[in-house]
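Notes follow the structure.
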Amino acid sequence: MNIEKVAKACPIMGIFSIFIISVAIIFGITAPIFAEEIIQVTYDTTDQLGQHLEGGYIRHEVGGTPFASPAIFTVANGANSSLIGEWGGVYSARPASSITVFKDTTYWIDALTANVRTESTPGVNKVNIVFEQSPAEVATNTQNIITNEITSVTTFQSGEQNSLTTKLDVTKDKIAEATRIYEAGNINKAISLLNTAQKTLSAFINEAQAKINSGQITQDVGAGIIASANELIGYIEELKSARLG
């Protein structure tokens with residue numbers, strides 16, 4: 001800003017501008033002095049894939065007023081947040097220091113350890129309080145979400161809906177069986193079952209894409225279904241890499 005030009009154009013405004021800029025320099029203020037962007041942030045109780053867990057609550061403190069998750073709070077961009085989650089009667093651990101919430105960012109807070117990771121999500125302002133689920137539970141969560149989407153489609157002919165949901169049933173069962181087999185000590189068999197689950201999901205995605213192409217499933221619904229399936233495939237890959245953790 002050219003202070004001299006401002007002062008010549010309007011002496012009073014020039015003096016005021018000089019005063020404000022001087023104060024900003026003295027106190028090290030580089031951001032706009034009066035501007036405060038207000039954003040809406042969604043707080044949710046989720047599994048490790050970010051899938052909503054029913055029956056969760058968001059609270060300001062243990063025993064505080066419960067807000068059913070997902071709950072939306074209006075805050076200033078860059079404000080501190082120290083809200084906690086509750087799910088299944090268990091309260092999440094509070095991070096050692098409050099997190100600073102910025103727009104276009106998703107925060108993942110481990111309910112057990114309070115560790116925080118961030119993800120750039122343009123257009124989405126969210127805090128996921130993550131309650132760890134077993135592989136079988138994650139698969140069931142995903143199945144329920146996708147099935148709800150599938151049953152909302154009214155253009156399917158008889159049997160077409162079942163063709164998709166059956167593949168989800170197979171996937172869930174293979175992951176659950178893989179977990180049991182792993183706990184019994186047969187790692188190779190468990191990995192084989194996970195490979196079968198992954199192939200079944202890939203077949204599910206191909207079939208869903210074909211129904212999108214034919215117009216039986218809208219692009220919006222189809223994109224959500226395929227995204228959820230791909231997230232589960234990624235999770236299966238993580239399980240295989242970690243030998244089921």
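Test of understanding: what is the full-extension gain from R117 to I187, defined as 0.36 nm times their sequence separation minus their Cα-Cα distance?
So the extension gain works out to 22.2 nm.
Taking every alpha carbon pair in segment 79-185, what does the distance histogram look like in 5 angstrom bins from 0, in percent?
2, 10, 14, 13, 14, 15, 13, 10, 6, 2, 0
About the Cα centre, and with charges only on the beta carbon of Lys, Arg (+1) and Asp, Glu (-1), how big is the dipole of segment 38-130? Nearest 20 debye, please.
220
Suppose a student asked you for the relative contact order of segment 135-241, using Cα pairs under 8 Å spaced at least 6 residues apart; what percent would you report?
Relative CO of segment 135-241 lands at 31 percent.
Provide Rg and Dmax in Å for segment 38-130, with only Cα atoms included in the calculation.
Just the Cα atoms of segment 38-130 yield Rg and Dmax of 11.8, 34 Å.
Separation between the D169 and E207 pseudo-spin-labels, each 7 Å from Cα along Cα→Cβ, expressed in nm?
The two pseudo-label positions are separated by 1.1 nm.
So which of K126/K167; K167/K189; K189/K240; K211/K240 end up more than 22 Å apart, counting from Cα to Cα?
K126/K167; K211/K240
Considering the options I129, T196, V170, tell which one lies farthest towards the positive end of the dipole of segment 112-245, charges being +1 on Lys and Arg and -1 on Asp and Glu at the Cβ, about the Cα centre.
The residue sitting most towards the positive pole is T196.
Once you place label points 7 Å from the Cα toward the Cβ at Q161 and A93, how far apart are they in nm?
For Q161 paired with A93, the spin-label model returns 4.4 nm.
Any chance you could tell me what percent of the C-alpha pair distances in segment 135-241 go past 19 Å?
40
Just so you know, all these numbers are worked out from the coordinates, no wet-lab data involved. Keep in mind that what you see is a predicted model, and the values were worked out from it rather than measured. Neighbour counts are summed over all protein chains in view; Cβ atoms, including those assigned to glycine, are modelled from backbone coordinates with ideal geometry.
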